[in-house]
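Each reported figure results from applying straightforward, stated rules to the coordinates on display, with no laboratory input. The structure displayed is predicted, hence computed values, not measured ones. Reconstructed Cβ throughout: ideal geometry from the backbone, glycine too, with neighbour counts over all protein chains shown.
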Amino acid sequence: MSEKKNFTMVENSLWDLYTKLPKFNGFHIALYGRLRHRFNANYGYAFPSQISLAHDLGVGRKKIGEALKILEECGLVKIDNAPGFNNNNVYIVNDPIESEEEFLATFSDALATIEKNAAELEKEAASVQDFQQRMDEGRKAFNVQQQERQERHSQRATKAAEKTAAIIQAETRPDTDFVNPTPLPNPVKTQPDCNTYRKMSDHGRSHALMRLKNSRISVRSTAEAFVSLQMDPKDIAAIDHTRAQSVAKIMAEIEAGECHV
């Protein structure tokens, strides 16, 4: 630090020791420093008016008077009356006590204040520790709740995804009954053979003719059925006009013996 000339020093014991006194605080240190600043070495005392001190410290005159009394009680200032200075008070500024043992021996009430402050500091530290512990417990409980909430959300999301996948799979699954339908039995195989037609009565032939009209069997099977039933070839058109010529041709071959039934 650079050397400075325009300043006023005060002892650290004012902060370390005198502030332990019940009525002493930082304002009294400021007033003490101001009196030391206004100290006149030629006279051996300071003689500022209370009005000027109040103006310097930015407070009222009443507060200056109360603070001067406390400084005098602490032995830091001796107040005297000087008739030659317009009846203004003069202030003899004393050095503060710097030894803690001497200070406690001089101001016994300071020891009680020190013990009280220590107890308050310990209580405050315990309160801070308790508060910190409760904060940690609350933070842990909050983290557990957050984790449980995330797990529940994850489970719900998984179930929703599975449900959606099942719906999509059901909608996109091919209809096996439509794509690969169960094959119907061969109509030809379900029709009676020629021997069965030969054994039929007239009523049976009429019934067989109705089945032939409503069944889509092969041309050869139709021709064989007509030959076996000894039906008129003109009824071929009633069965299927588009296949009439083919059926008639095969019937002719069967009757001519070229084809065997």
Cα→Cβ-extended label distance, 7 Å offset, between LYS23 and PHE7, nm: 3.2 nm
The stretch 1-53, relative contact order [Cα under 8 Å, separation at least 6], %: 25 percent
Mean Cα-pair separation over length for the stretch 13-106, i.e. relative contact order, pairs under 8 Å, 6 or more apart, %: 29 percent
Per-residue Cβ neighbour rank within 10 angstrom, fewest leading, SER221, SER154: SER154, SER221
Cα-Cα over 21 Å, subset of LYS20/LYS123; LYS23/LYS63; LYS63/LYS116; LYS5/LYS62: LYS63/LYS116; LYS5/LYS62
Label point distance in nm, ALA119-ARG156, each placed 7 Å from Cα along Cα→Cβ: 5.5 nm
Rounded FRET efficiency, nearest 0.05, which uses the C-beta distance separating LYS78 from ALA112 and R0 of 30 Å: 0.70
The stretch 16-65: C-alpha gyration tensor shape, a/c 1.5 cut-off, then a/b vs b/c: oblate
Exposure proxy order (Cβ contacts within 10 Å, fewest to most) of PHE226, PHE47, PHE107, PHE131: PHE131, PHE47, PHE107, PHE226
Convex hull of the stretch 1-150 built on C-alpha atoms - directionally averaged projected area, nm²: 15.5 nm²
Fewest-first ranking of LEU121, LEU76, using other Cβ atoms within 10 Å as the exposure measure: LEU121, LEU76
Shape category assigned to the stretch 91-174 from the gyration tensor of Cα positions, a/c cut at 1.5: prolate
